[in-house]
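Below: one structure, written as structure tokens.
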Amino acid sequence: MSIKLTILGSGPAIAIPRPGHTDKTCREARKPGSRSRRMRSSILIENRCRYLLIDAGPDILEQLELAKIRRPDAVFLTHAHSDAAGGVDDLALFLRGTKTKPMPLYAEASVLRRITKISALFHARPKTILKTVNPKIIHLYQAVSSFGLKIIPLKVEHALTPGFPTVGYLFPKKFAYLSDFASIPPRSLKLLKKINILFLDAAMWFGTKMAAHQNTAQAIEIGRQLGVKKLYLTQIGHNYPPHKIAQKEISNYCRKNKIKFPVILAYDGLKIKI
Ligand SMILES: [Zn+2]
Ligand SMILES: [Zn+2]
């Protein structure tokens, strides 16, 4: 049976378009149905009519509404930055009204602690919130089974603070999703070797750099070294040109550099069957 993936969000820490901006990308992003419009990065995984979600940023309820998903069955967080976890409160509040079993929320212990600490809702009404969300601790490289899928949290380095707890997720022999990272440790790289489908952080456009992220060329190079069959770029930043132009330039770059696998610039709402 196939797994269906939907990119709910493909954007950076601040969504695109941005208030008051008149640059080309933001202008393009305001057009109806534009692929340059980017909410905070997240991906929905549908397997046997169950929905797993990786990351729940501030756009999460709008993303679920657009994808026509009533509720996710489980949520996996990559790290505690607001663009990845800042929507957990909203999601928990929303779930309170759906009268369903608590939703498993998987994250590293320190991430769960951090969210609990910064979340006014967790603080103010921890008992209520625990009726809707069931925090589950994940451990690096230890597989978790969720609704028939095996998921392995892979350590990545992210952000300016070394050791800031961040993971990517590997669905063995299927795909892997690493949406925020500065570098991938050797143990994680080894597990990613020859993965068919890979989603990677490519926050910065060609020729630009940011300590906590990859640029387009760096992400493509990682895909090449790993021997992937198909590479999707996500966490797309504000310095990218509008989607259509960016995809064309990426394809030209791949041709020039003899990249043999397809490199696809993700966009919000992109659906993939695997
Ligand atoms: Zn702008
Ligand atoms: Zn981050």
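Observations, loosely collected:
- Identity of the residue in the stretch 1-40, in contact with a helix residue (DSSP H, G or I) (Cβ under 7 Å, 6 or more places away or on another chain) and of a type in the set (Ser, Thr, Tyr), that ends up surrounded by the most Cβ atoms within 10 Å (Cβ to Cβ): Ser36
- For the residues Lys190, Lys258, Lys244, the requirement of being surrounded by fewer than 17 Cβ atoms within 10 Å (Cβ to Cβ) and in a loop (DSSP other than H, G, I, E, B) singles out Lys258.
- Residue check, Gly207 within 15 Å of the chain's Cα centre (by Cα) and not in a strand (DSSP E or B): no
- Residue count, the stretch 9-23 (criterion: more than 16 Å from Asp59 (Cβ to Cβ) and near ligand 1 (Cβ under 8 Å from one of its atoms)): 3
- Residues that are without any contact (Cβ under 8 Å) to a residue 40 or more places away in the chain, in a loop (DSSP other than H, G, I, E, B) and within 16 Å of ligand 1 (Cβ to nearest atom) within the stretch 24-40 comprise Arg30, Lys31, listed in sequence order.
- Being of a type in the set (A, V, I, L, M) and modelled with pLDDT of 95 or more is a property that Ala159 lacks.
- Looking only at the stretch 228-241, residues that are more than 16 Å from ligand 1 (Cβ to nearest atom) and part of a loop (DSSP other than H, G, I, E, B) come to 3 in all.
- Ala56 vs. criteria outside any loop (DSSP other than H, G, I, E, B), under 20 Å from Ala159 (Cβ atoms), touching a residue at least 12 places away in the same chain (Cβ under 8 Å) and more than 16 Å from ligand 1 (Cβ to nearest atom): no
- Taken over the stretch 76-103, the criterion of being away from ligand 2 (no atom under 16 Å from the Cβ) and outside any loop (DSSP other than H, G, I, E, B) is satisfied by Asp89, Asp90, Leu91, Ala92, Leu93, Phe94, Leu95, Arg96, Met103.
- Selection over the stretch 170-186 of residues that are more than 16 Å from ligand 2 (Cβ to nearest atom) and part of a strand (DSSP E or B) gives a count of 4.
The values are calculated or read from the model by the stated rules, or taken from the named source; none is laboratory data. Here the structure is a predicted model, which means the values were calculated and not measured. So basically every Cβ, Gly included, is an ideal-geometry build from the backbone, and we count neighbours across all protein chains shown.
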